[in-house]
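Asks: Quick one: this structure, given as structure tokens, is what I'll be asking you about.
The values are calculated or read from the model by the stated rules, or taken from the named source; none is laboratory data. Predicted model, so just to flag it, every value in this text is computed and none were measured. A quick note on method: Cβ atoms are made from the backbone with ideal geometry, for glycine too, and the neighbour counts reach across all protein chains shown.
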Amino acid sequence: MTEDAHGTGYAPPPGDLIREELKKRGWTQLDLAQVLDQPAPRVNQIIQGKQTISPETAIALSKAFDISAQEWITREFAYRRYLTLQEIERLQGDSKHYQNSPVQKRKKLYELAPVKEMQRRGWIRADTDADATEASLRRYFGIESIDNEPPIHGNMRKSAPSVPASPAQRAWAFRVRQLASAIPAASVGRYDESAIDDCIRDLRKLAAYSAEVRKVPTALKAYGIRFVIVEGLSGAKVDGFATWLDDASPVIGLSLRYDRFDSFWFTLGHELSHIKHRDISPVDSDIGTERDPSLEVKPPMERRADSEASSMFIPDDELKSFILRVGPLYSTEKINQFANRIKMHPSIIIGQLKYRGEIGYSAHNKSAVQVRDTLIKHAITDGWDRTINPGALP
């Protein structure tokens, strides 16, 4: 074999060896056809490299020329590989074909966003054409080119604190802003920074009773804060997002990833802290769902948001005193007594005890309260088989 003899991975067709063997024996192609009991045209095509050598033909050639069937198959494979690589090289050399390849474009689209799920959710048009899908994504993200990564303006609570936002997280955050932008300004109160503490006090009163969660969207809107719920995309692992449409239009978006009363209020409190302080940061860590990881890895604004979210509903000194007096024997009776005294729902106290590692995550699960079914009936919600056309918002 002379593979690479030409410096380009060249491999001769097996037909060259057949010609050599015929010459040695003084045979013609017709003679070989009779020896192999094969049609002469087929033998001619094999010699010219137009017909592949099958395992059966390789065995027949081995018997005719005393050259192993493995050798014939090896030569056949090397020649076909050479032809394939030549074709790949030709196509790659055709810059118009290669650079504008639909595969290349679709790859970029899927690196930018979870296209199929966004189509299924009705966020972009369900096109199969790559150019049409590209146009839909450019409109969705407000970018001129899919080579530009859409920036996320705001604070996003996500699982990995130090990892850049994933395509699913980015798409989710943009959906929050899209829906919030469609809420008419006339239906939202004027945002007044000096009144944010009043807003928090009103929300704290609602947090004391599970049924009052339905009033949260209206309460936030009264203080000029747009509130939307968007179910997370697959694998997004995102909980909340605090952002601003402009200097006077704050927005809070939640995913309700954990359908628990304590998780909802803690996440809302965390995002309210960001709104209160006008924090702008691309990434938040996951909080309120597992015991707090090392606080040292969190930036100051995140530690502050954690602290304020906790004390927003349970005064820090009260909780510390309760832990010192009762821990580690946190009975349902003791928790309910404490809840009644500070006028707060027991689930929020249980959530804080779990978050601080005072009790296990399976403890007091019978006391858990869900919020999703109630809340999505009263809030602008995208997900759980609900798709919103932003242009149709009241």
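Asks: Please enumerate the residues belonging to region 18-72 that are of a type in the set (Phe, Trp, Tyr) and part of a helix (DSSP H, G or I).
Replies: Phe65, Trp72
Asks: Here's a follow-up. Taking the stated definitions as given, is Leu17 surrounded by fewer than 17 Cβ atoms within 10 Å (Cβ to Cβ) and either at pLDDT 95 or above or among the hydrophobic types (A, V, I, L, M, F, W, C) (or both)?
Replies: no
Asks: Considering only region 45-70, state which residues are β-branched (Val, Ile, Thr), surrounded by 17 or more Cβ atoms within 10 Å (Cβ to Cβ) and under 49 Å from the mean Cα position of the chain (by Cα).
Replies: Ile53
Asks: Further, regarding this structure: Being part of a loop (DSSP other than H, G, I, E, B) and over 31 Å from the mean Cα position of the chain (by Cα) is the filter here; which residues of region 344-365 pass it?
Replies: If the condition is that a residue be part of a loop (DSSP other than H, G, I, E, B) and over 31 Å from the mean Cα position of the chain (by Cα), then Met344, His345, Glu358, Ile359, Ala363, His364 are the ones that fit.
Asks: Between Ile59, Ile67, which is in contact with a helix residue (DSSP H, G or I) (Cβ under 6 Å, 6 or more places away or on another chain) and more than 19 Å from Gly9 (Cα to Cα)?
Replies: Result: Ile59 is the single residue among Ile59, Ile67 that is in contact with a helix residue (DSSP H, G or I) (Cβ under 6 Å, 6 or more places away or on another chain) and more than 19 Å from Gly9 (Cα to Cα).
Asks: Glu117 versus (1) surrounded by 13 or more Cβ atoms within 10 Å (Cβ to Cβ); (2) assigned to a loop (DSSP other than H, G, I, E, B): which is the lone unmet condition?
Replies: Only one criterion in (1) surrounded by 13 or more Cβ atoms within 10 Å (Cβ to Cβ); (2) assigned to a loop (DSSP other than H, G, I, E, B) is unmet by Glu117, namely (2).
Per-residue answers, yes or no, for (1) buried (at least 21 other Cβ atoms within 10 Å of the Cβ); (2) modelled with pLDDT of 90 or more:
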| residue | (1), (2) |
| --- | --- |
| Val326 | no, yes |
| Leu329 | no, yes |
| Thr332 | no, yes |
| Ala339 | no, yes |
| Ser347 | yes, yes |
| Ile350 | yes, yes |
| Glu358 | no, yes |
| Ala363 | no, no |
| Gln370 | no, yes |
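Asks: What do you reckon, is Ser145 within 30 Å of Trp172 (Cβ to Cβ), within 22 Å of the chain's Cα centre (by Cα) and free of Cβ contacts under 8 Å to residues at least 40 places away in the same chain?
Replies: Answer is yes for this residue.
Asks: Go through (1) surrounded by fewer than 15 Cβ atoms within 10 Å (Cβ to Cβ); (2) assigned to a helix (DSSP H, G or I); (3) under 27 Å from the mean Cα position of the chain (by Cα) one by one and return the number of the condition Leu179 breaks.
Replies: Single failed check for Leu179: (1).
Asks: If you don't mind, another one. Can you say whether Arg214 is basic (Lys, Arg), in contact with an Asp or Glu (Cβ under 8 Å, 6 or more places away or on another chain) and on the phi < 0 side of the Ramachandran plot, as far as the supplied structure shows?
Replies: The answer is no for Arg214.
Asks: Looking for something within 19 Å of Ser210 (Cα to Cα) and at pLDDT 90 or above - is there at least one such residue anywhere in region 313-321?
Replies: Within region 313-321, one or more residues are within 19 Å of Ser210 (Cα to Cα) and at pLDDT 90 or above.
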